[in-house]
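Participant: One structure, as structure tokens, below. Some questions next.
The values are calculated or read from the model by the stated rules, or taken from the named source; none is laboratory data. All values derive from a computational prediction rather than experimental measurement. Reconstructed Cβ throughout: ideal geometry from the backbone, glycine too, with neighbour counts over all protein chains shown.
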Amino acid sequence: MIRLLVCDDQALVRTGFVTILDAQPDLAVVGEASDGRAAVDLARRLRPDVVVMDIRMPVLDGIEATRQLAGPGVAEPIKTLVVTTFNLDEYVYQALRAGASGFLLKDATPPQLIAAVRTVANGDALLAPEVTRRLIGRFGTRVRPADPETAAESVLTPRELEVLRLIATGQSNAEIAATLVISAETVKTYVSRILSKLDLRDRVQAVVYAFRTGIADPDA
């Protein structure tokens, strides 16, 4: 069972999310919060698998709440899916830098919301397709500085580099498996090795890393 905390200052939106998510047999909403401070306090106490986080909230905004739950230096980060009305590059960039594992717009359909929560819970964190390439192309150099001592080419095998490039295009494990004609389990093993070798938390960081270091081309 995937345990969720839903955070949004608009009661109708929050209730809608709770109703949609709690109706799924594998999802359980264990808490709700209407401001960022309450979100942080509840998340630390309840330790949900995923926090569904709005950006614009009173007391403490969703970006800072995400940073306190999943940002750099957090010993036991909690996976956070940012869901917002605002399709602004700077918001997405700030959310990623704060440690968000995913970004989704509120005009997404219920199936897309459900799929996004499951994706983040499984560690296959991704951005909404409509913002991924534009965001990385504009802000990739600001999210994770390059480290020549851990350059991917020096620590990854040619096959792992190939998988990393496909991750950067937004492909799922199943799609990568089909592209490379290997099993999904093999892809999962490759992804795990890539994250471990490059000291990356999830696929979002892998995407950013790939564009930041030139392994993937945002104009391709």
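Participant: Considering only helices (runs of 4 or more DSSP H) fully contained in segment 42-123, which possess at least 2 residues that are polar (S, T, N, Q)?
Facilitator: Output list reads 62-70, 110-121.
Participant: Something else: Kindly provide the set of residues from segment 159-198 that are closer than 22 Å to TYR93 by Cβ and either in contact with a Ser or Thr (Cβ under 7 Å, 6 or more places away or on another chain) or in the same structural domain as GLY102 (by TED's automatic domain parsing) (or both), ordered by number.
Facilitator: Those that are closer than 22 Å to TYR93 by Cβ and either in contact with a Ser or Thr (Cβ under 7 Å, 6 or more places away or on another chain) or in the same structural domain as GLY102 (by TED's automatic domain parsing) (or both): GLY170, LEU198.
Participant: Restricting the search to segment 1-30, which residues are assigned to a strand (DSSP E or B) and either surrounded by 19 or more Cβ atoms within 10 Å (Cβ to Cβ) or of a type in the set (Val, Ile, Thr) (or both)?
Facilitator: ILE2, LEU4, LEU5, VAL6, CYS7, LEU27, VAL29, VAL30
Participant: Here is a further query. Pick from segment 157-215 the residues that are of a type in the set (Lys, Arg) and in contact with an Asp or Glu (Cβ under 7 Å, 6 or more places away or on another chain): which of them is nearest to VAL50 (Cα to Cα)?
Facilitator: Going through the qualifying residues, I end up with ARG203.
Participant: Scan segment 38-64 and report the pairs whose first residue is on the phi > 0 side of the Ramachandran plot and whose second residue is buried (at least 23 other Cβ atoms within 10 Å of the Cβ), with Cβ atoms within less than 8 Å and a gap of 6+ or a chain change.
Facilitator: Matching pairs, first to second residue: VAL59/GLY36.
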